[in-house]
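The structure appears right after this line, and notes come after that.
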Amino acid sequence: MKIGYMGVTSTFVVPDDLDALTRHPKASQPGEPINLHHTQCHGCGDDAPEGLHIKIFAGDGFTVRARMLVEPRMEGGPGQIHGGILATAFDEVMSHLPLLVGGHCVTAHLQVDFAAGIPVGSTLYFEGRLLGRQRRKLYTEVVAYLADPLVDAGAEAVASGRALFVKIDSARHYAETLANSKAAEQISRRRG
Ligand SMILES: CCCCCCCC/C=C\CCCCCCCC(=O)SCCNC(=O)CCNC(=O)[C@H](O)C(C)(C)COP(=O)(O)OP(=O)(O)OC[C@H]1O[C@@H](n2cnc3c(N)ncnc32)[C@H](O)[C@@H]1OP(=O)(O)O
C-alpha cells in the first residue's frame, strides 16, 4: 500500500542511524496472543465493557497481527467506522510492537491515513511492523485490511498509520495514577 498521501508523510520521519533490533527472549512466539495490557484496557481488555476488544498476536520477526469487529456502536459517518475509533485501534495495535523488543512504552506521536470508508459489520485485519529503534524511540507502522491478508492476497488495504513510541519507566510513569485504575490490583499483583 502507498504510505501517506501524495508522497507526504507528515512529521513522522524514521532516522537513518537506527540501533540494532533484538527480539526479547520472553516475547510471544509467532501466532501466540500478546497480553501486554490489562483486562480493563480500552483497546484490548476483555473486561472493558465499552472497549474495542482487539485481538492481537505476535507475527514473524518484528510484526504483529490483529483483528477487530466493527460494531454498530463504533459508527461515525452513516454505516461506517468513526475515524477516531480507527485511530484508537491503530494506537492499540502498534503499542504491542515495542513488547517484541522488551519494555513498556507510551505513544508520543500518532498519525493516520484514511484511504476508504470502512463499513460497520466488517472485521478489520491489522498488520503492524516495527520499523526501527533509536535510543528510547520506537518507530512503528500499521495497515488495516477488510480481509485477512494472510489468506487473501487480494485483501483491500483501507487505512494505514504510523506512531512513535517512547520507552518509559512504568512504575514512575504511572505512580500517581495507578490507584485510579479499575485494574490497579491486577497490575500490582502482576508486578509482584
Ligand atoms: C506502578 C505502575 C506499573 C504499571 C505497569 C504497566 C502496565 C502497562 C499496561 C498498560 C500500559 C499500556 C497502555 C497503552 C495504550 C496505548 C498506548 C497509548 O495510548 S499511551 C497514552 C498516550 N501517550 C501518553 O500519554 C504519553 C505522554 N507523553 C509523555 O509521557 C512524554 O512526553 C514522553 C514519555 C513520551 C517523553 O517524555 P520524556 O521526558 O520521558 O522523554 P523526552 O526526552 O521528551 O523524549 C524522548 C525522545 O523522544 C522524542 N520525542 C518525544 N516526543 C516526541 C514527539 N511527539 N515527536 C517526535 N519525537 C518525540 C524526543 O525528542 C527524545 O528523542 P531523542 O532521544 O532525544 O532523539
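The values are calculated or read from the model by the stated rules, or taken from the named source; none is laboratory data. Computed from a predicted model, the values in this text were never measured in an experiment. Cβ placement follows ideal geometry from the backbone for every residue including glycine, while neighbour counts extend to all protein chains displayed. For accessibility, only protein heavy atoms count, side chains too; no ligands or nucleic acids. Shrake-Rupley method; radii C 1.70, N 1.55, O 1.52, S 1.80 Å.
Taking segment 152-168 as the range and being aliphatic (A, V, I, L, M) and more than 10 Å from the ligand (Cβ to nearest atom) as the test, the residues that pass are ALA153, ALA155, ALA157, VAL158, ALA159. Mind listing just one residue for me: the one in segment 43-56 that is closer than 17 Å to PHE126 by Cα and open to solvent by 20 Å² or more (accessible area, probe 1.4 Å) and, of those, nearest to the ligand (Cβ to nearest atom)? The qualifying residue nearest to the ligand (Cβ to nearest atom) is CYS44. The set of residues from segment 120-140 being under 16 Å from the mean Cα position of the chain (by Cα) and open to solvent by less than 30 Å² (accessible area, probe 1.4 Å) comprises LEU124, PHE126, GLY128, LEU130, GLY132, LEU138, TYR139, THR140. Filtering segment 27-42 to residues that are part of a loop (DSSP other than H, G, I, E, B), within 16 Å of the ligand (Cβ to nearest atom) and either modelled with pLDDT of 90 or more or open to solvent by less than 60 Å² (accessible area, probe 1.4 Å) (or both) leaves ALA27, SER28, ILE34, LEU36, HIS37, HIS38, THR39, GLN40, CYS41, HIS42.
Taking the criterion of being modelled with pLDDT under 95 and either under 25 Å from ALA48 (Cα atoms) or open to solvent by 40 Å² or more (accessible area, probe 1.4 Å) (or both), the residues of segment 153-168 that qualify are ALA153, GLY154, GLU156. In segment 103-113, the residue that is nearest to the chain's Cα centre (by Cα) out of those that are surrounded by 17 or more Cβ atoms within 10 Å (Cβ to Cβ) and over 10 Å from PHE165 (Cβ atoms) is VAL112. Of VAL8, VAL64, all but one fail to be at pLDDT below 95 and either more than 23 Å from VAL166 (Cα to Cα) or not small (Gly, Ala, Ser) (or both); the exception is VAL8.
Keeping to segment 57-102, report how many residues are in contact (Cβ under 8 Å) with a residue 60 or more places away in the chain, β-branched (Val, Ile, Thr) and open to solvent by 10 Å² or more (accessible area, probe 1.4 Å). Walk me through it before giving the result.
Looking only at segment 57-102, we keep the residues that are in contact (Cβ under 8 Å) with a residue 60 or more places away in the chain, and these are 59, 62-67, 86-87, 90-91, 94-102.
Of the ones still in play, those that are also β-branched (Val, Ile, Thr) are 63-64, 101.
Of the ones still in play, those that are also open to solvent by 10 Å² or more (accessible area, probe 1.4 Å) are 63, 101.
Final tally of qualifying residues: 2.
Residues of segment 135-192 that are among the charged types (D, E, K, R) and within 28 Å of LEU21 (Cα to Cα): ARG135, ARG136, LYS137, GLU141, ASP148, ARG162, LYS167, ASP169, ARG172, ARG190, ARG191. Residue check: ALA171 meets all listed conditions (1) open to solvent by less than 60 Å² (accessible area, probe 1.4 Å); (2) within 16 Å of the ligand (Cβ to nearest atom); (3) over 14 Å from the mean Cα position of the chain (by Cα); (4) at pLDDT 95 or above but one, namely (4).
The residues of segment 57-75 that are more than 16 Å from the ligand (Cβ to nearest atom) and in a strand (DSSP E or B), listed by number, are PHE57, ALA58, THR63, ARG65, ARG67, LEU69, GLU75. Tell me, please, whether a residue that is out of contact with any Phe, Trp or Tyr (no Cβ under 6 Å at 6 or more places or on another chain), near the ligand (Cβ under 8 Å from one of its atoms) and in contact (Cβ under 8 Å) with a residue 24 or more places away in the chain can be found in segment 136-151. Yes.
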